[in-house]
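Right, one structure below, let's go through it.
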């Protein structure tokens, strides 16, 4: 399957080739992303207008921005329900870790809607994207409007649901992208040709600009209860 987000592909080159750096600021209060999801409150991605808002105002983790070589990333997490996000530190780097709240050992997930939006403006690519994952239907809907690619198509895979969720396997479910079991697609053949993307590789070391990715997860369990997670990542290069 082709990588969902052009911005993600750009980041892979930057983070892989540049390596992980140190904390980019000394603000112990974390990022300055607002609860509304607006990109106007932080220097990271401040020139990119992303039409996105978190599903809840309950901030679960707000790490301090960090640097990866020439790139700076500022993340923020929200959560509500029995799925939690805790800030955990690895060396000088703090990140959000997903889990289940105390007293909840498992959840049987019967539906999960994941919506991943990005907006970016760089010297390599600029545009907006929305990828919507309907886990119950097994569909991934791609909508891209950029100067390097445009698409509006749907892939259908075997559904991973129902899924017995634990703190140990939650990342596996949230990161589902079909897992190679594609049943059908409306995407053109060119969608799967990554030989000439034109926006990844060593040229990304010279990447400049900014981008924002906002992701919402709406999980429904077998009792009909909903559990919400949101994550925003802002990048400058």
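All of the numbers you see were taken from the coordinates with simple rules; none came from a lab. Predicted model, so just to flag it, every value in this text is computed and none were measured. Here Cβ is always computed from backbone atoms with ideal geometry, including for glycine, and neighbour counts include all displayed protein chains.
Footprinting exposure proxy ranking of 70, 9, 118, fewest other C-beta atoms within 10 angstrom first, gives 70, 9, 118. Taken along the Cα-to-beta-carbon direction at a fixed 7 Å, the label points for residue 148 and residue 164 span 4.3 nm. Placing a pseudo-label 7 Å from each Cα along the Cα-to-Cβ vector at residue 171 and residue 51 gives an inter-label distance of 3.4 nm. With viscosity 0.692 mPa s and temperature 37 °C, the Kirkwood radius over alpha carbon pairs of the range 106-153 converts through Stokes-Einstein to a diffusion coefficient of 270 µm²/s. With Rh defined as the Kirkwood radius, the inverse of the mean 1/r over Cα pairs, the Rg/Rh of the range 101-237 is 1.02.
Gyration tensor over the Cα atoms of the range 120-188: the corresponding equivalent ellipsoid has semi-axes (square roots of 5 times the eigenvalues, largest first) of 27, 16, 8 Å.
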